[in-house]
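Asker: Could you have a look at this structure, given as structure tokens, before my questions?
The values are calculated or read from the model by the stated rules, or taken from the named source; none is laboratory data. From a predicted model like this one, the values you see are computed outputs, not experimental measurements. Every residue, glycine as well, gets a Cβ built from its backbone with ideal geometry; the counts of neighbours run over all protein chains shown.
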Amino acid sequence: MLARVERNNLEQYYDRTYSGGLLTRMISLTGVAAVTAYIGVWPPLAAGLWLASYVAGELGLTYYWSRVRSRLPDATLAYVTRVKLTLMSISSVVVTIGTLPFLLTPGHGVAAAGLGILVSTAALMTVAAQHSLSPRMFWFTAPPMALALELNIIPLAEGPTRWLLLLLGVGFLINCWRLQVANAVAYSQLIRSTIDADLASKAKSTFLATMSHEIRTPLNGVLGMAQAMSLDQLALPQRQRLAVVQSSGEALLAILDDLLDLSKIEAGRIEIASEEFDLTHTIVSACHVYRSILEEKGVSLVIDTARIEGVFRGDAGRIRQIVQNLVSNAVKFTAFGAITVVGERVPGGVRISVTDTGIGISEEGRAALFTEFSQVDQANTRRFGGTGLGLAIVRNLARLMGGEIDVESRLGEGARFTVSLPLPYVGPLDGQAGLAALSSGQAAADVLPPDLGAPLRVLVAEDNPTNQMILRSVLAFAPVDCVYVENGQEAVAAWSQGSWDLVLMDVQMPVMDGLDATRAIRAREQSDRRPATLIYAMTADAMFHQVSEHRAAGMDGHIAKPLQVRALFDLLSEIGARRAAA
């Protein structure tokens, strides 16, 4: 960590002292050369040579820095220390060259000495303010200017007055030294604090990633097995009890996802995609999740997307998340009446509004509505539940996409949340199948096993016995021939012994993890000139940077745990369709 602090300090020093203000320094030094030559301190040729020497010194320092800067990110503390001492030495030489005219001014009259005092004091203040690479740096850079200051004081007076002025000069030098030391310490502490904050942020991200994995793994057992059981023929009471288990698990998963999203937003690590998508399909599919709950409550759901039909460009997943959060909030606080979701095109983008006939929000409550972990009324928190994260995430996501969210509400009269997003309109739909049914708000079909024709050959690498049991239970309903292995090394060996339509690869496994196994398979494919095998990560490592690592290792996609059976069956159907088309 100390090496990192020193590296940052070096970069800050160079940028602060030499990178900025170069033109101003050159103009000032040219003026000094002209004035000193004019008042006879030295000949014009000597003044020109002095100016050229100073410029050469700065160019030399710049050249040295350009050579070492690229090595600093991975440099050891010993190397950084050497660079630091070298910079201090070069800076001392440059400052000494710059001081030379004022070492000559004392012998050329009071006017010349006054100029020497004026520029020396200004230069000392600059050194104290900017040359703060180390608390000891004052002794590298200040002595020539300190000498010039004292020498230029001598011609101004004689006797006790001269000694008093020299003493005042010493006092000025002490104050400059204290200022330089204070600045050096302040810069170092600032950089150290920044690094500490960065380390704390990384530790938080690591903790969240670990907890996400550890919570998702047992939750996969709950939700995965519930979905597997729902594929069986069950009596109505059993199916209803199973639905309670599944909905409770999904609620827990939603809380976990909200916490992770909030963390990513705070860290600035949310990525907003830009892709073409059907906005109507996105809104309707987001609302469909709550249709059965609303039917039980006797609340109607009205979806009007006639004015936004067509293809738009944006992040469909994040927009679905926004709509789901808003509708979920409306469902929670609406006991009768209706929830209406309206989408419409407006100048500059689209506007999506969710209106409910629920309990409404007071004027005081609206002030804290979008604050994390905030609830309008603690009594409502106990009555309706919730973490107070949904609306905060909605606002942050809307702003990340360049939009905004507004709310209109009065206590006891419901609420209307309106999200405005700058989504470019691409054009009309291209006759996508099945869209009409979704647009009309009809319920999607239940999860059904895919019709694949000939069975698919699937290699499953999974070390957790519970997760294996879930996959065996689910894939028993699909026409697939599965081989199960327990680590990446076994996966590579099994892959090499045959051809596979799909590899479902866990990431965290003993002996060899899923990333290394995928890299090994990709390398063997290239060396043996085998066609690429479709490899999907099936893991609880579901954070954005983790998914990016999966892609970088050579995986084609990602299915997050807890397992969503529909997503798995959709993938199998897609593979079957591609095989049939080929």
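Asker: So if I check each of PRO43, PRO101, which one is over 27 Å from ALA184 (Cβ atoms), buried (at least 21 other Cβ atoms within 10 Å of the Cβ) and modelled with pLDDT of 90 or more?
Answerer: Numbers: PRO43 fails: buried (at least 21 other Cβ atoms within 10 Å of the Cβ).
When all the criteria are applied, what remains is PRO101.
Asker: Name the residue that is nearest to GLN246 (Cα to Cα), counting only residues in the range 414-464 that are among the hydroxyl-bearing types (Ser, Thr, Tyr) and at pLDDT 90 or above.
Answerer: Residues of the range 414-464 that are among the hydroxyl-bearing types (Ser, Thr, Tyr), as a first pass: 418, 420, 425, 439-440.
Filter once more, so that each one left must be at pLDDT 90 or above: 418, 420, 425.
Details: THR418: 31, SER420: 33, TYR425: 37 Å.
Per the criteria, the residue is THR418.
Asker: Please identify the pairs in which a residue from the range 340-361 that is assigned by TED's automatic domain parsing to the domain that holds GLY412 and under 17 Å from SER285 (Cα atoms) has its Cβ atom under 7 Å from the Cβ atom of a residue that is of a type in the set (Gly, Ala, Ser) and buried (at least 18 other Cβ atoms within 10 Å of the Cβ), counting only partners at least 6 apart or on another chain.
Answerer: Matching pairs, first to second residue: VAL342/SER353; ILE352/GLY343; VAL354/ALA330.
Asker: Keeping to the range 258-290, report how many residues are at pLDDT 65 or above, charged (D, E, K, R) and surrounded by fewer than 17 Cβ atoms within 10 Å (Cβ to Cβ).
Answerer: Of the residues in the range 258-290, 3 are at pLDDT 65 or above, charged (D, E, K, R) and surrounded by fewer than 17 Cβ atoms within 10 Å (Cβ to Cβ).
Asker: I've got another one for you. Pick from THR126, THR161, THR76: which is in contact (Cβ under 8 Å) with a residue 12 or more places away in the chain and hydroxyl-bearing (Ser, Thr, Tyr)? So that I can check it myself, show each step before the final result.
Answerer: Details: THR126 fails: in contact (Cβ under 8 Å) with a residue 12 or more places away in the chain; THR161 fails: in contact (Cβ under 8 Å) with a residue 12 or more places away in the chain.
Criteria check complete, one pass: THR76.
Asker: May I ask you to verify whether GLN508 is polar (S, T, N, Q), assigned by TED's automatic domain parsing to the domain that holds GLU574 and farther than 29 Å from ILE215 by Cβ? I'd like the intermediate steps shown before the answer.
Answerer: Numbers: polar (S, T, N, Q): yes; assigned by TED's automatic domain parsing to the domain that holds GLU574: yes; farther than 29 Å from ILE215 by Cβ: no.
In short, no.
Asker: Of the residues that sit in the range 225-253 and are of a type in the set (Gly, Ala, Ser) and surrounded by fewer than 17 Cβ atoms within 10 Å (Cβ to Cβ), which one is modelled with the highest pLDDT?
Answerer: Narrowing the range 225-253 to residues of a type in the set (Gly, Ala, Ser): 226, 228, 230, 235, 243, 247-249, 251.
This time we only want the ones that are surrounded by fewer than 17 Cβ atoms within 10 Å (Cβ to Cβ), so: 235, 243, 247-248, 251.
Values: ALA235: 83, ALA243: 73, SER247: 65, SER248: 67, ALA251: 64.
Only one residue fits best here, namely ALA235.
Asker: Ok, one more. Would you please name the residue that is farthest from the chain's Cα centre (by Cα), looking only at residues in the range 467-493 that are aliphatic (A, V, I, L, M), under 16 Å from MET538 (Cβ atoms) and outside any strand (DSSP E or B)? Walk me through how you get there before you give the answer.
Answerer: Taking the range 467-493 as the starting set, the residues that turn out to be aliphatic (A, V, I, L, M) are 469-471, 474-476, 478, 480, 483, 485, 491-493.
Filter once more, so that each one left must be under 16 Å from MET538 (Cβ atoms): 469-471, 474-475, 478, 480, 483, 485, 491.
Those still in the list that are outside any strand (DSSP E or B) too: 469-471, 474-475, 478, 491.
Numbers: MET469: 36, ILE470: 34, LEU471: 33, VAL474: 36, LEU475: 37, ALA478: 39, ALA491: 33 Å.
Here the answer is ALA478.
Asker: What are the residues in the range 465-508 that are modelled with pLDDT of 90 or more, buried (at least 16 other Cβ atoms within 10 Å of the Cβ) and small (Gly, Ala, Ser), if any?
Answerer: Passing the criteria: GLY488, ALA491, ALA494.
Asker: To continue, here is another question. Is there a residue being surrounded by 13 or more Cβ atoms within 10 Å (Cβ to Cβ), among the aliphatic types (A, V, I, L, M) and closer than 26 Å to ASN183 by Cα anywhere in the range 48-55?
Answerer: No.
Asker: Can I ask one more? Just to check your reading of the model, which residue among ALA392, ALA379 is at pLDDT below 85 and within 30 Å of ARG307 (Cβ to Cβ)? Spell out the reasoning first.
Answerer: Values: ALA379 fails: within 30 Å of ARG307 (Cβ to Cβ).
None of the others qualify; the one that does is ALA392.
Asker: Further question on the same structure: Checking the conditions here, which among LEU504, LEU563, LEU572 is of a type outside the set (Lys, Arg) and assigned to a helix (DSSP H, G or I)? So that I can check it myself, show each step before the final result.
Answerer: Details: LEU504 fails: assigned to a helix (DSSP H, G or I); LEU563 fails: assigned to a helix (DSSP H, G or I).
Result: LEU572 is the single residue among LEU504, LEU563, LEU572 that is of a type outside the set (Lys, Arg) and assigned to a helix (DSSP H, G or I).
Asker: Next up: Could you tell me how many of the residues in the range 333-348 are in contact with a Phe, Trp or Tyr (Cβ under 9 Å, 6 or more places away or on another chain) and buried (at least 19 other Cβ atoms within 10 Å of the Cβ)? Walk me through it before giving the result.
Answerer: Restricting attention to the range 333-348, the residues satisfying the condition of being in contact with a Phe, Trp or Tyr (Cβ under 9 Å, 6 or more places away or on another chain) are 333, 339, 345.
In the following step, the residues that additionally are buried (at least 19 other Cβ atoms within 10 Å of the Cβ) were identified as 333, 339.
Residues flagged as in contact with a Phe, Trp or Tyr (Cβ under 9 Å, 6 or more places away or on another chain) and buried (at least 19 other Cβ atoms within 10 Å of the Cβ) within the range 333-348 amount to 2.
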